[in-house]
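Report on one structure; see the data block that follows.
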Amino acid sequence: MVEVIRLKCPTCGQPLSMDMKECPSCMGPVVITSFHSIQSFPPLKLNKYAAEYKSALREDPSNTALNLSVAMCYLKLKLYSNALPFFEKAIVDNFDNSEAYFYAAVCLLQGKKPFVTLRPTIDKILEYCNAAVMIEPRGIYYYFMAYVKYDYFARKYFRTSPSYTELLQTARQAGVSHYDIGLLFDILGVEQPDELK
């Protein structure tokens, strides 16, 4: 028997089902499937969405779509430590989602530069990034690894393989876009280094 999760639209209050893509009344997303879909959401709206998803998670704590939705809301709000457990729960429940690994890695930086991050955290970031590229070799994943390798390893004169320049080349070959790079640094809350432009 399939459990029905009660969900209402955080914007208009319309009752919704998880199989719907958008609310029929206000056209808002039912679940958030990508960071791009909430980029224009103001903080108040994001908080309403996160609260509704968390309420629905009480009925089904292992629902990957709801865990990812809450995580995306918190990530957009730059509440990295709040977002991380939801990304990690989504990874446990569906280990084939490359974006969950990628955004979990982003959250581990906590809005700081890799240069000031502890080495065990850097290792965990790279572990998540490697998992993401094994599932789906997207340019932005390689680019983020290049950023971490540049800011933590190259700036400290540590040797690492592959180097940030090799990863940057791989990211370009994989088709990383300027839009994705801009969005990444907006999420990170730091400036893009000149060496990675």
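Computed from the coordinates by the stated procedures, all read-outs in this text should not be read as laboratory data. Small disclaimer: the values here were computed from a predicted structure and weren't measured. Note that we place each Cβ from the backbone using ideal geometry, even for glycine, and neighbour counts take in every protein chain shown.
Details
- Charge tally for Glu166 (other residues, Cβ to Cβ under 14 Å; Lys, Arg +1; Asp, Glu -1): +2.
- Kirkwood hydrodynamic radius (C-alpha pairs) into Stokes-Einstein, the chain, 37 °C and 0.692 mPa s, D in µm²/s: 187
- Between 0 and 90°, nearest 10: helix 43-57 axis offset from the chain longest Cα axis: 70
- J(HN,Hα) series, the range 104-115, from Karplus relation 6.51 cos²θ - 1.76 cosθ + 1.60, nearest Hz, glycine and proline x: 4, 4, 4, 4, 4, 6, 6, x, 10, 7, x, 3
- The dipole here belongs to the range 1-94: it is taken about the Cα centre, uses +1 on the Cβ of Lys and Arg and -1 on the Cβ of Asp and Glu, and is about 380 debye.
- Integer Hz, Karplus 6.51/-1.76/1.60 couplings in order for the range 16-29, x for Gly and Pro: 10, 10, 5, 7, 7, 8, 9, 5, x, 7, 10, 6, x, x
- Under 5 Å, built H, 5+ apart or other chain: amide partners of Gly28: Cys23
- Rel. contact order, % - alpha carbon contacts under 8 angstrom, at least six apart, the chain: 13
- Sorted by Cβ density within 10 Å, fewest first, the residues Leu109, Leu183, Leu126: Leu183, Leu126, Leu109
- Structure-based [θ]222 nm, the chain - -39500 (n - 2.57) summed over DSSP H runs of at least 4, per residue, nearest 500: -16000 deg cm²/dmol
- Residues whose amide H lies under 5 Å from that of Leu16, counting only those 5 or more places away or on a different chain, are Leu7, Lys8, Cys9; hydrogens are built 1.01 Å from N in the peptide plane.
- The range 74-139 shape via C-alpha gyration tensor axes, a/c threshold 1.5: oblate
- Under the shape rule built on the C-alpha gyration tensor, where the axes satisfy a ≥ b ≥ c, the range 103-197 is rounded, since a/c falls short of 1.5.
- Extension gain for Asn130-Ser161 works out to 9.9 nm (0.36 nm per residue, less the C-alpha to C-alpha distance).
- Across the range 13-112, the mean sequence separation of Cα contacts (distance under 8 Å, 6 or more residues apart), normalised by length, yields a relative contact order of 20 percent.
- Anisotropy class of the range 153-197 from Cα gyration tensor, a/c 1.5 cut: oblate
- Going from the residue with the fewest nearby Cβ atoms within 10 Å to the one with the most, Ser40, Ser25 rank Ser40, Ser25.
- Nearest 10 degrees, 0 to 90: helix 178-188 Cα axis against the chain principal axis: 80
- Order of Met20, Met134, Met145, Met72 under a 10 Å beta carbon neighbour criterion, fewest first: Met134, Met20, Met145, Met72
- Percentage relative contact order, the range 6-63, counting C-alpha pairs under 8 Å, at least six apart: 32
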